[in-house]
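What follows draws every value from the coordinates through simple rules; no lab data is involved. As the structure is a computational prediction, the values presented were derived from the model and not from experiment. Note that each Cβ is placed from the backbone with ideal geometry, even for glycine, and that neighbours are counted across all protein chains shown.
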Amino acid sequence: MVDFLAQRPGVLFVDDEENALKVFRRAFERDFEVYTALSADQGLAVLDKKAQKISVVITDQRMPQRSGIAMLSEVRRRYPEKVRLLTTAYTQVDTLVDAINEGAVYSFISKPWDLNNLRKEILSAIESYSTANEQRNLLAGRIDELKQAVLDEKIMEIGNVAVNLSHYVDNALCPIELLISKIEEDLGGHSNALAKTEDRSTYLDFLKRIRIHIRSTSSQISRLHQANTRLNPASFTHIDLNTIYDQAIEANQVLMNGKDIRIERLQGSEQCQIWGDQERLSDLFNFLIAEEVVSLPESSSAKIGISHMPEQQSVQITLEDRGPVPEDVSPSHLLYPFNVRSGDPRQMGVFLICAYFIVRSHGGSMQTTLREGGGVRFIFDLPINAPSATRIES
């Protein structure tokens, strides 16, 4: 009980008699954080404002407009975790038993009160609330762990398939680039009959853009194979995420220009250093930029923010855009390959997967949410001091 009192748990007392509220406050304000209300509607309004502080709700049964049981039934609907007590001077046993059986009321207290007994009832209710709350938190934590394990396993299985497929795509690009080189060579000859002289510059420019796209795609694919490999602790160093972000933007400028995609910088922290693998974290930004380029329509924009979170000992990377999200795809499913946003069947959706691999390998986490008004937001949390041997196990 000492712990409960030290935390000064909140108790809401509702009664239409003002004197009863005054007596309750004087009797218990040293032990609890006391809130009072003169009606059921007023009590619900107080609970809505102070829900995080209130553990127990006590109300008189006989009140105008809405009875105590009716109020506690509404409390159960809105805040099922709150412990609900009913005070009554009436011997309506059937009504009280039904209310308890239905779960609207945890217990009832006869009037006139015995303050010592009432204090014991409140403490018992607080203990019940604390125990149930602890169990809920443990269960929620376990469910989150299981969800993460299932997500890791599913992503690993499907992601490996996608990465292996990308290997064959990369192999197929090599002869295509050789063919383009041969065509460029033939077009460069003055006696060549493949095109008229006035058309050659147009064709050469077209081939040049194809070659840039192929090399960019090939470079991205080559990085896919490294995304889920084991981290080497010997490669860890202090990395400034702002610096490698700037480098990634510069390295991918041609790729972004191809679709007129703009990446804007959200206001963040000047110093965002973490301990990790520089090459892998550089690829994290490369993959995020590639994801936006393939997913967004032409002439679109996205925003990236990097912020130091000192209380969590982490750095948070936020990526948000107004790109399309299919109605049948939930935000979390965007982590699964082949759930692409662009509607382009040529894309396999592996860039986000690889970003996820890199973040998880550094002991971090990732979540996706839909933005109000359209678009999606990706949030990556990376610990400042990454564990040296963390890895998603297949």
Amide hydrogen neighbours beyond the local backbone of residue 108, cut-off 5 Å, H modeled
86
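For the cross-link pairs 82/111; 49/82; 53/120; 50/303, which exceed 24 Å when the distance is taken from alpha carbon to alpha carbon? Let's see the in-between values first.
Numbers: 82/111 22 Å; 49/82 14 Å; 53/120 20 Å; 50/303 35 Å.
Beyond 24 Å between Cα atoms: 50/303.
Taking K and R as +1 and D and E as -1, what net charge do the other residues with C-beta under 12 Å from the C-beta of residue 51 add up to?
On the way: positive: 49, 50, 53, 78, 82; negative: 48, 81.
Value of the local net charge: +3.
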What nm distance separates the two modelled labels at residue 117 and residue 81, each placed 7 Å from Cα along Cα→Cβ?
3.2 nm
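Give me the net charge for the shell around residue 291: Cβ to Cβ below 11 angstrom, other residues only, Lys and Arg +1, Asp and Glu -1.
Details: positive: 341; negative: 292, 321.
Once all neighbours under 11 Å are counted, the net charge is -1.
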Net charge around residue 66, counting only other residues with Cβ within less than 12 Å of its Cβ (Lys, Arg = +1; Asp, Glu = -1)?
-3
By average Cβ neighbour count within 10 Å, what is the ranking of 110-119, 58-67 from highest down?
58-67, 110-119
Sequence-distant residues sharing a close amide H with residue 315 (under 5 Å, placed H)
309, 382, 384
